[in-house]
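Q: Structure in C-alpha cells, see below.
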Amino acid sequence: MTIRFYNTLTNSTEEFTPVEDDCVRMYSCGPTVYDFAHIGNFRSFLFADLIRRTLEFFGHNVHHVMNITDVGHMTDDSNADGGGEDKMEAAAKRVKEDKKSGKVPEGAVENPDNPFQIADYYTHAFLDDAKLLGIKVAFESDNILKATENIDTMQDMISLLIDRGHAYVGADGVVYYSVESFSDYGQLSGNSLEELREGASDRLNASDQANKRHPADFMLWKADPSHIMKWDSPWGTGYPGWHIECSCMARKRLGKDVIDIHTGGEDLIFPHHECEIAQSRGATGAEAFARFWMHARFLLVDGGKMSKSKGNFYTVRDVLEGRVLDENNEPTGVQVHPAVLRLELIKSHYRSNMNFTRKGLQDSASIVKRLTDFRARLEAAAGDERVEVDLSHPILADFGKALADDLNVSGALGVIVPWAATTPDNPAEALAVLDRINSVLAIAPLDSSDGDSSDNGDGESEIQTLCKQLDEARAAKDYATADAIRDQIQAAGFEVKTTPDGTVAERPLA
Ligand code: AMP
Ligand code: ZN
C-alpha cells in the first residue's frame, strides 16, 4: 500500500518511504511543562501517535522520540529572538496561587520557587494523561527526553555551529544563530530574510538590533547568572534557547542526521521548526533534517479559541471528570471515558481545525460503545478460537486505504462503523480484524495500562492501589472493608469490575 502524507516542507502530499527500510525515525515536539497540557496540545500529540500507529499497521518499525521542554521556552517565542520571561519562571508565580486554591494538590511542588519541582510535577501529569489516552511513546521512558538533562549535548552543538560559521557571540554576549549563514532559512515557513528583517525591525529596539548581525538571528545560549535555571558554559553561566533542544535531542536519540518525520502543532512551523532545520543542517551539513514535516491544525472549542478567560480551556482531567461546560456555562458533570476523548481528538482530519463540542463527544461515545459491544459479541461467538488475518482482508484493505490517504480517519470510521453493525460469519476472523484496526485507533479497548506512573493528584494510581487493597480485603474475607473500598472507587467516578486478574476500575464510557 502506498502511504501518502502531506509535507509542510513541500506544501504537497507525497508518497512516504523511510530513509532506511528497517526503521522510521520520528520526532515530535513535546509539551512545555509549566502547566497541565490542554486538549489542544493533546490533539497534536495524538496526531503523532496516529502517524506512528498507522505506520506500524503497515508493518513499519517506528522509533518515536518526544522531548519535554523544561527550560528555555520564553513567553515571547512567537518571535525567534528568545525575548520575554522563561515560562518556567512565570509558572512559579502561578503555582503559588494554584496551591492556595487547591488546583495543585497539597504535598505536590513543595517549593514553587524551584522550577525543577514544577517541571517534574507537570512532566508526570503529562505522562499520566498521555498514557490514559494511549499515546505509545509515553510508555517508553527512553524515548522521552528532557531538555534539562541534555544541556551538554546542546553546548556541543552550539560549539559546532560556531566552528562551522553558523553562530556567533553577539555584542551582548548572547550566542546567536546567523540566519544569513544558512541559505535555506525560510524554506519551511515561506518567510524571506527581507520580510523577517522588516518584521523584526518594528519589534526590536536599536540596542537589540545592534547586538545581532541580522534582526532575525535567534538565540542559542544566553549568559544570565540571575536566570531561574542556569548552567556553566563557555559563553557564561546561563541557559539554552528553546529551539536548540529539539535539534540536539532528535539527533542524539534517533542517531541519524536525517530523520523521516518531524511533527508538531501548526504554531511551531515558525519560528521553532524553521530554526530547528537551520541548526540541524548547519551542524551536520546534511541536505535535510527531517524528510517530512507534519503539522496539526489547532483545536477550537465551540468554534472559538480556547482561552482561560472564556472558561473553555480544558485539560484532559477537566474533560474526563465532567468539567466541560454546558450552554449555561455550568460543568456538565458527565464523566468521559479516555477512549472517547481519544477518538474525539483524532477523528477530524489533522489538517483542518478541529471543533471540540459536547455533541462531538457524544458522537464519539456512541462509536466507542458500538465497537466495544461489537467486540463483546465477537468474543462471545468466537469462544477460544483465534485466527490470523493479513491486510488483504476487505475490511482491513479499505480501512488501511483511508489511513494511507494522509490519515483519513473519518474515511476509516466510515468503513468500520457500519461493519460493526453486522454479524460476521466468521467471528474469530472478525475479532482478528478488529484487533488490527484497534492497534491504530486504540479505542476498543483503549490500552492505557500504566505500569510506572506515580500519583500526581489525578487519582489514577491511587485507584489502582485501591483495587489491590480491595482484592486483599476480599482474600482475607474482610467484606466490610472490601465494600467500603469499592464505594470509594465508585465515588471517584469509576466502574468496578471483577476479572480473573483481580479488580479493575474503569471509567464509564459516557
Ligand atoms: P507547548 O506545550 O506550548 O510547547 O505545545 C505543545 C504542542 O501543542 C505543540 O506541538 C503545539 O503546537 C501544540 N498546540 C498548542 N495549542 C494547540 C491547539 N489549540 N491545538 C492543537 N495543538 C496545539
Ligand atoms: Zn521542538
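The values are calculated or read from the model by the stated rules, or taken from the named source; none is laboratory data. Treat the numbers as computed from the prediction; the structure is a model and nothing was measured. Reconstructed Cβ throughout: ideal geometry from the backbone, glycine too, with neighbour counts over all protein chains shown. When the accessible area is computed, the model is the full protein with side chains, heavy atoms only, and any ligands, DNA or RNA have been set aside. Shrake-Rupley method; radii C 1.70, N 1.55, O 1.52, S 1.80 Å.
Q: Considering only residues of the range 459-501 that are part of a strand (DSSP E or B) and of a type in the set (D, E, K, R), which is surrounded by the fewest Cβ atoms within 10 Å (Cβ to Cβ)?
A: Per the stated criteria, the residue is K497.
Q: Let me ask something else. Which residues, counting only those in the range 403-447, are open to solvent by 60 Å² or more (accessible area, probe 1.4 Å), hydroxyl-bearing (S, T, Y) and closer than 30 Å to M294 by Cα?
A: Across the range 403-447, the qualifying residue is only S410.
Q: Still on this structure, I have one more. What number of residues in the range 1-19 are more than 16 Å from ligand 2 (Cβ to nearest atom) and touching a residue at least 24 places away in the same chain (Cβ under 8 Å)?
A: 12
Q: Name the single residue that is most open to solvent (accessible area, probe 1.4 Å) among those in the range 23-38 being at pLDDT 95 or above and more than 8 Å from ligand 1 (Cβ to nearest atom).
A: R25
Q: Moving on. Does E274 satisfy the condition of being open to solvent by less than 10 Å² (accessible area, probe 1.4 Å), modelled with pLDDT of 95 or more, under 23 Å from S192 (Cβ atoms) and away from ligand 2 (no atom under 11 Å from the Cβ)? Let's see the steps before the verdict.
A: Working: open to solvent by less than 10 Å² (accessible area, probe 1.4 Å): yes; modelled with pLDDT of 95 or more: yes; under 23 Å from S192 (Cβ atoms): yes; away from ligand 2 (no atom under 11 Å from the Cβ): yes.
Judged against the criteria, E274 is a match.
Q: When the range 336-360 is examined, which residues are found to be within 23 Å of I51 (Cα to Cα) and either modelled with pLDDT under 95 or surrounded by fewer than 20 Cβ atoms within 10 Å (Cβ to Cβ) (or both)? Quick ask: steps written out before the conclusion?
A: Going through the range 336-360, the residues within 23 Å of I51 (Cα to Cα) turn out to be 337-356, 360.
Residues satisfying the conditions are K347, S348, H349, R351, S352, N353, N355, G360.
Q: Please find, within the range 39-59, the residue that is farthest from ligand 1 (Cβ to nearest atom) out of those that are open to solvent by less than 40 Å² (accessible area, probe 1.4 Å) and of a type in the set (G, A, S).
A: Filtering the range 39-59 down to residues open to solvent by less than 40 Å² (accessible area, probe 1.4 Å) leaves 39-40, 42-55, 57.
Now restrict to residues that are of a type in the set (G, A, S): 40, 44, 48.
Values: G40: 2, S44: 4, A48: 9 Å.
Applying the filter and picking the extreme gives A48.
Q: Also: Any idea which of (1) in contact (Cβ under 8 Å) with a residue 60 or more places away in the chain; (2) open to solvent by less than 40 Å² (accessible area, probe 1.4 Å) is the one E506 doesn't satisfy?
A: (2)
Q: Continuing with the same structure: Go through (1) of a type in the set (A, V, I, L, M); (2) out of contact with any Lys or Arg (no Cβ under 8 Å at 6 or more places or on another chain); (3) within 14 Å of ligand 1 (Cβ to nearest atom) one by one and return the number of the condition A296 breaks.
A: Looking at each condition in turn, A296 falls short on (2).
Q: Filter the range 137-181 for residues that are among the hydroxyl-bearing types (S, T, Y) and over 30 Å from T123 (Cβ atoms); which is most open to solvent (accessible area, probe 1.4 Å)?
A: S181
Q: I need every pair where a residue in the range 265-285 that is closer than 17 Å to N67 by Cβ and without any contact (Cβ under 8 Å) to a residue 40 or more places away in the chain has its Cβ under 6 Å from the Cβ of a residue that is of a type outside the set (A, V, I, L, M) and surrounded by 21 or more Cβ atoms within 10 Å (Cβ to Cβ), sequence separation at least 6 or different chains.
A: Between residues of the range 265-285 that are closer than 17 Å to N67 by Cβ and without any contact (Cβ under 8 Å) to a residue 40 or more places away in the chain and residues that are of a type outside the set (A, V, I, L, M) and surrounded by 21 or more Cβ atoms within 10 Å (Cβ to Cβ), the close pairs are E276/H243; E276/C246; E276/S247; S280/S247; S280/F289.
Q: In this structure, does S364 turn out to be surrounded by 22 or more Cβ atoms within 10 Å (Cβ to Cβ) and of a type in the set (S, T, N, Q)?
A: So S364 passes the test.
Q: While we're here: When you go through (1) over 23 Å from S192 (Cα atoms); (2) open to solvent by 20 Å² or more (accessible area, probe 1.4 Å); (3) assigned to a helix (DSSP H, G or I); (4) not aromatic (F, W, Y) one by one for D267, which number turns out not to apply?
A: (1) is the only condition that D267 fails.
Q: Something else: Could you please give the count of residues in the range 220-249 that are touching an Asp or Glu at 6+ places or on another chain (Cβ under 6 Å), open to solvent by less than 30 Å² (accessible area, probe 1.4 Å) and more than 13 Å from ligand 2 (Cβ to nearest atom)?
A: 1
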